[in-house]
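Below is one structure, written out as structure tokens; comments come after it.
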Amino acid sequence: MNEQKSKKPMTASDYVKNQPHLQGKILTPNPYSALAEYPPLSYAKAAAEGSTSKATVSTTKEPETSTKPTYYVKPQKQHLMTTQFTKPITLPQLKTFVNRAFYPDCPYPTDNITKNHTFYEFILVDSRSIEVTHYPDPKDKNSIAYSTCKILNLYQSKDLGFIHHHSTKPFVTPGFHIQGYTYTDYQNAFFRAFYLRPYDHSWFFSFDQSCSKAIPGWFAEWWYWFGPSDAIYPTSLLKTSFEFYKKHIPDQPIGPLNKIYFHIDMGIPWICSWHFQLSLHLQDMPYSLLREFRVKWWEKYNLDRCSYSNIQKYFDTIKQAKHAVQTVSKSIPLLLPSQRPQPTPKPSSPATSTAYSSEIKKSKQSKKRKTRSTDRSTNAFKFR
């Protein structure tokens, strides 16, 4: 991948200009240290004002330990295929098997290698679902050190104009070698676009605060694999801030929606990586090839954003905005159809007026001729 000097989020046009920019690259290992230098996320206006106000007092304690967060291996494993191995193998042997089983830019079972990582990432960027930035390795400009992804929106099929999940929609940005995608492709994109590289690559995930909360059901599965686990949060965040936050929203007893809303509103990021693993997964079967996920807390997140006072201020701001909208709506009277101003007829041009007058004149002359003809016929009848 070419070096991104400005480190701006990748746009759909970037793919068209330089595609396929991620295919066939041999990428160097990354010790996960680059994310420590990632700049802090911009605070929500309400939280920022609350943090700088003298009247604001944070009630959220700092994490119990000052040690750096470590990766937490999620207990759930994603089954990919059953192998022929009946005994453990070494890591080099595993990599050889993976390279033989998968196309380099498609580290997942597929029968269509044209729908690779570049295709799926392009879908999400072109539909304005994510902003993604790949940061080059300082030691090797042709490899990626780590990547960041901000989730802008999660679309239902109707939001993108799909009638059926299998119907095709063209890309907004023309020029890509595949003309369009289906809603099934869109769903797959949220999973396959992030299988960039196993073992030595990490994703920095976050939500845009304006992301819609009409979350599609399939995203709960995405969260199951890529989302953070309770084990990585500072204890105070879950026991105090999250519980206080839930009192302000309608309870969602099923699924991870409460947690997703919390991440959207409070701007909470997390770090995720993945790798392959060979393990006895299915009973009385050979070893299975699995995908294992690891997540980590971002130590530079400002916990003051989740203080009682800032959470309260956030919801107060929302209430004030709703009240302002309702006040404006009530101040504008609703008009009945009979009360609405009628459109003024357009003044006709001189040419149109002349033509109209000429038509009227011709019509009158025609009527006169018909009248004279009738009178003559009547007189002639009388004389007979």
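For the residues 266, 285, what sequence is obtained by ranking on other C-beta atoms within 10 Å, fewest first? The fewest-first ordering by Cβ neighbours comes to 285, 266. A straight line joining the Cα centroids of the range 235-256 and the range 136-166 runs 28 Å. Remark: the residue 308-residue 114 segment gains 64.9 nm on full extension, using 0.36 nm per residue and subtracting the alpha carbon distance.
Counted by neighbouring Cβ atoms within 10 Å, the residues 178, 163 run from fewest to most as 163, 178. When each of 168, 133 is scored by the number of other beta-carbon atoms lying within 10 Å, the sequence from fewest to most is 168, 133.
We did not get these values from a lab; they are worked out from the coordinates using the rules stated. Being a predicted model, the structure only gives us computed values, none of them experimental. With ideal geometry, Cβ positions are generated from the backbone for all residues, glycine too; neighbour counts draw on all protein chains shown.
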